[in-house]
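The values are calculated or read from the model by the stated rules, or taken from the named source; none is laboratory data. Remember, it's a predicted structure, so these values are computed and weren't measured experimentally. Backbone-built Cβ (ideal geometry, glycine too); neighbour counts: all protein chains shown. Only protein heavy atoms, including side chains, enter the accessible area calculation; ligands, DNA and RNA are left aside. Shrake-Rupley method; radii C 1.70, N 1.55, O 1.52, S 1.80 Å.
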Amino acid sequence: MREIVLDTETTGLNPYDNPRHRIVEIGAVEVFNQVATGKTYHQYIQPERDMPKEAFEVHGIGEDFLADKPLFAAIAQDFLDFVGDSQMVIHNAEFDMRFLNAELEWAGKPTLPNSQALDTLKIARKKFPGSPASLDALCRRFGIDNSAREKHGALLDSEILADVYLELTGGKQPDFGLSQTKSNTAQQQQDDNWRPKPRPNALPSRLTDEEKAAHAAFVEALGKDTIWSRLS
């Protein structure tokens, strides 16, 4: 099953404020059957507005850096093509989906159904009630290295979230624990499968007649008390 682990960075908390808050970065990681494929989507976006100090302190993305980046309308179709109809895995999905659908609506593109998003924040709160469920807290719980996360960044956060998501849903190797219901006979058959078997037909000798004669003469010259003589 193909899934897209996704994160956004924005200029604020509500896209429908006046002035509008906008998305400034999208990062996404493709996961197939719970394994990251290495395929990613990453885009910085010109928000057509100033960058509030509070938002800059969160992600460190400034107005000067974004000045030459494309508008959302210019990248909207590429983003939709990458996501397709795959399930999106998002931490606090309501926030990101509100912004994504506002941007898609303003760009004249079809919006994404909320049912297409899986919220890892809700999963974490259900699995660990009463415990912190932020991305950093879950990294500490699962022993995931997030030392590079000095500030929020959409692509880095989506890569970290992909690791967290796999742990939340059973770990990176869900079938690592072998079933204990295997019979001893079945286990023995499995163990025997790796053992080398005798060749049905011996390989032909690669020695020529001249080489065989030369070797026999050499052994004979060594005398009767040599190991070669006792083994022949």
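On the protein heavy atoms, probe 1.4 angstrom, tell me the percent of accessible surface of region 89-158 carried by carbon and sulfur.
For region 89-158, the apolar C and S fraction of the accessible surface comes to 49 percent.
Determine the relative contact order of region 31-115: mean sequence separation of Cα pairs under 8 Å and six or more apart, normalised by residue count, in whole percent.
Value for region 31-115: 25 percent.
If you count only protein heavy atoms with a 1.4 Å probe, what accessible area per residue comes out for region 62-159, rounded to a whole Å²?
I get 53 Å² per residue for this part.
Averaged over every viewing direction, what's the projected area of the C-alpha convex hull for region 1-85? Give it in nm², one decimal, please.
About 6.3 nm², averaged over all directions.
Based only on Cα atoms, what mean projected area does the convex hull of region 11-60 have, in nm²?
The directionally averaged projection comes out at 4.6 nm².
Which order do the peptides 91-99, 159-167 take when ranked by the mean count of other beta-carbon atoms within 10 Å per residue, highest first?
Order by mean packing, descending: 159-167, 91-99.
Of 69/122; 69/126; 39/109, which sit over 29 Å apart, Cα to Cα?
Over 29 Å apart, Cα to Cα: 69/122; 69/126.
So how much accessible area does residue 147 have, in Å² to the nearest 10, using a 1.4 Å probe?
We get 90 Å² for residue 147.
Among the aspartates and glutamates, select those whose C-alpha is under 16 Å from the C-alpha of residue 212, and discard any that sit fewer than 8 residues away in the same chain.
Answer for residue 212, where 16 Å is the Cα cut-off: 220, listed by chain and number.
If packing is taken as the average number of other Cβ atoms within 10 Å across a peptide's residues, how do 211-218, 41-48 rank, most packed first?
Highest to lowest by the protection proxy: 41-48, 211-218.
On average, how much accessible surface per residue is there in region 1-54, in Å², for a 1.4 Å probe, leaving out ligands, DNA and RNA?
Here the per-residue accessible area is 48 Å².
Work the Kirkwood hydrodynamic radius out for region 1-159: mean of 1/r over every pair of different alpha-carbon atoms, inverted, in Å.
Across region 1-159, the inverse of the average 1/r is 16.3 Å.
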